[in-house]
Structure formats: structure tokens, C-alpha cells
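> Quick one: the structure is below, and I'll ask about it shortly.
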Amino acid sequence: MDALENSPDFCRMLIDYILSEKRNICLRFFNYDNLQHLANIFYNISINIDSPQNKNYELNFAIIFLSERTYFLDEITKNKFFLCAILSKNKLYKRKTYWMDLINLKLSKRTKDHVRKISSKIL
């Protein structure tokens, strides 16, 4: 946890490693406690990069992407518990400003990419 809190580069490396290891990203946990630990790790990362001005703020997109595809399957009840459901209980992810900042960042990046693409065709 110290590495997560003190090194933004470590957070990026961790998430990049998870994304690069699997082609079809769907992470299944066989232990609910481990899923809970990953939720705490992702929450700490998001808290540490809580400002859109932070250079690593984009990691929130990867956290959301991974949390939608990470689950624990209870073998007895056959119920799936998704990481995004666990994360959604935290205050950060309930804030409207968090989601508005992410939407604005995404729209801004898409607009810049589109303008760059158009300008390269014109020249």
C-alpha cells in the first residue's frame, strides 16, 4: 500500500500489467476477500489521483474498465459479485463531480483526436 500511495508510476505499472496480461480481459476471483482487496487497491489509486489535473487521472478509465470485468463467482449460490458493485459503494465513485470530470476528459480527448485527424487530412 505504501508503494501505491507514494508512487504514481507504480499505480500505472500495476494497471498496465493487468491490462497487458490478458487478451480477453475477464478476471475471475475464487476468493471474495481477494476481490475486496483489489477493490481497496483501486479505490486508493483513485483517491490519490482524484484531480483531473493529475497526470495519471486517466487511470480511472482503466479502473472502471477492469472493475466491470472482474468478479467473484460463489460456487454454492452461483451468484456473481462484480468489482464495480463493490467500488460503487465508496463515496468517491458516488460523486457526480467524479463522473462529470471523467466525461469532460473523455470528450476533450476525443475532440482533440478528431481535430488532429482532420487537420492531418487537410495538410
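Coordinate-derived values only; no laboratory data. This one's a predicted model, so the numbers in the text were calculated from it and none came from an experiment. Here Cβ is always computed from backbone atoms with ideal geometry, including for glycine, and neighbour counts include all displayed protein chains.
> Starting from the exponent 0.38 and prefactor 2.2 Å, build the expected Rg for the chain from its residue count and divide its actual Cα Rg by it.
The chain yields a ratio of 1.22.
> Shifting gears a bit: Whole angstrom only: what separates the Cα centroid of region 1-34 from the Cα centroid of region 52-123?
Taking the Cα centre of region 52-123 as reference, the centre of region 1-34 is 15 Å away.
> Could you tell me the calculated FRET efficiency between Lys112 and Asp9, based on Cβ-Cβ distance and R0 = 25 angstrom, to the nearest 0.05?
0.55
> Here's something else I'd like to know. Output the 0 to 90 degree angle, nearest 10, between the alpha-carbon long axis of helix 96-122 and the longest principal axis computed from the alpha carbons of the chain.
40
> Can I ask one more? Which peptide among 11-19, 113-121 comes first, and what is the full order, when sorted by highest mean count of other Cβ atoms within 10 Å?
Order by mean packing, descending: 11-19, 113-121.
> Before rounding to the nearest 500, sum -39500 (n - 2.57) across all DSSP H runs of length at least 4 in the chain and divide by the residue total; then give [θ] at 222 nm in deg cm²/dmol.
The helix contribution divided over the chain gives -20000 deg cm²/dmol.
> Let me ask you something else. Just want the answer: with Cβ charges of +1 for Lys and Arg and -1 for Asp and Glu, which residue in Ile41, Ile103, Phe65 is farthest toward the dipole's positive end in region 2-122?
Most positive-ward Cα: Ile103.
> Using 10 Å bins from zero, what percent of all Cα-Cα pairs in region 30-93 falls into each bin?
22, 50, 21, 6, 1
> Just want to confirm a number: the relative contact order over region 2-122, from Cα pairs under 8 angstrom separated by 6+ residues, in percent.
Rounded, it is 24 percent for region 2-122.
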